[in-house]
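Single-structure report; data block below.
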Amino acid sequence: MLYLKYTLVFIFLAACIFGTYLLTGHTFILSKDALNQHVPLLANYRQALINFFHHPSHFSFWSWQMGLGTDTFQVYSYYTIGDVFAYLALLFPAAKITLAYQVIGIIRMFCVGLAFVYFAQHFKFRDNVILAGATTYMVNAFLLYACVAQPFFTTPFILFPLIVVQIERVLQGGSAWPLTGVFIWMLIS
């Protein structure tokens, strides 16, 4: 029931945060770095993955279209390979990559709050306290900025509560596998 309540709170928050962009006909992608660099790179990576799935031996490790020429693996590894959310772009057609980028941003924000709810429920707080905490966690200034400017910077806000809960589990004699999983995700991203 707590997660359903959180989902409803998130829908309201998302409408408040992102709804103004939709009402004015704008995207919530920052027009500087994100729109000029991250969206095209996501589109490029999406196409490279699709090409790789169809023809595994034809993966291009060098591109003259990035900068003055660069190692594509290095560029993709910095921005997309370790970002689990970037793979959601495969669910969208190439013509809808801007929509995909925005939907992925909303999903990231949902996961930020979800991670906080998961963390806070371990303290046996009342649902209203947990939901207020999740709301506060999600609307901090840096996170709101990161959501539109550098969405992959929202990942630490997901990982931190998970790490804390899993460290606590290990300290209480529980399995270390969940903590290992979170550390692996953290290292890859």
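Below are the figures for this structure:
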{"item": "Every residue from region 147-168 that is touching a residue at least 12 places away in the same chain (Cβ under 8 Å), under 26 Å from residue 106 (Cβ atoms) and open to solvent by 80 Å² or more (accessible area, probe 1.4 Å)", "result": "160"}
{"item": "Within region 58-102, tally of residues that are farther than 15 Å from residue 47 by Cα, open to solvent by 60 Å² or more (accessible area, probe 1.4 Å) and at pLDDT 75 or above", "result": "2"}
{"item": "Residues (among the hydrophobic types (A, V, I, L, M, F, W, C), more than 30 Å from residue 41 (Cα to Cα) and in contact (Cβ under 8 Å) with a residue 40 or more places away in the chain) located in region 121-145", "result": "130, 131, 134"}
{"item": "Selection count, region 132-146, where residues are assigned to a helix (DSSP H, G or I), open to solvent by 20 Å² or more (accessible area, probe 1.4 Å) and of a type in the set (A, V, I, L, M, F, W, C)", "result": "4"}
{"item": "Residue count for region 23-60, restricted to those that are under 30 Å from residue 131 (Cβ atoms) and more than 20 Å from the chain's Cα centre (by Cα)", "result": "3"}
{"item": "Boolean, residue 118 is open to solvent by 50 Å² or more (accessible area, probe 1.4 Å), modelled with pLDDT of 90 or more and closer than 15 Å to residue 160 by Cα", "result": "yes"}
{"item": "Some residue of region 169-185 being buried (at least 16 other Cβ atoms within 10 Å of the Cβ), assigned to a helix (DSSP H, G or I) and modelled with pLDDT under 90", "result": "no"}
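Conditions (1) without any contact (Cβ under 8 Å) to a residue 24 or more places away in the chain; (2) in a helix (DSSP H, G or I); (3) of a type in the set (D, E, K, R), marked per residue:
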position: 4; (1), (2), (3): yes, yes, no
position: 8; (1), (2), (3): yes, yes, no
position: 16; (1), (2), (3): yes, yes, no
position: 22; (1), (2), (3): yes, yes, no
position: 28; (1), (2), (3): no, no, no
position: 34; (1), (2), (3): no, yes, no
position: 37; (1), (2), (3): yes, yes, no
position: 47; (1), (2), (3): no, yes, no
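The values are calculated or read from the model by the stated rules, or taken from the named source; none is laboratory data. Predicted model only: the values in this text are computed from it and were never measured. Methodologically, a virtual Cβ is constructed for each residue, glycine included, from the backbone with ideal geometry; neighbour enumeration extends over all protein chains shown. These area figures cover heavy atoms from the full protein model, side chains too; ligands, DNA and RNA do not enter into them. Shrake-Rupley method; radii C 1.70, N 1.55, O 1.52, S 1.80 Å.
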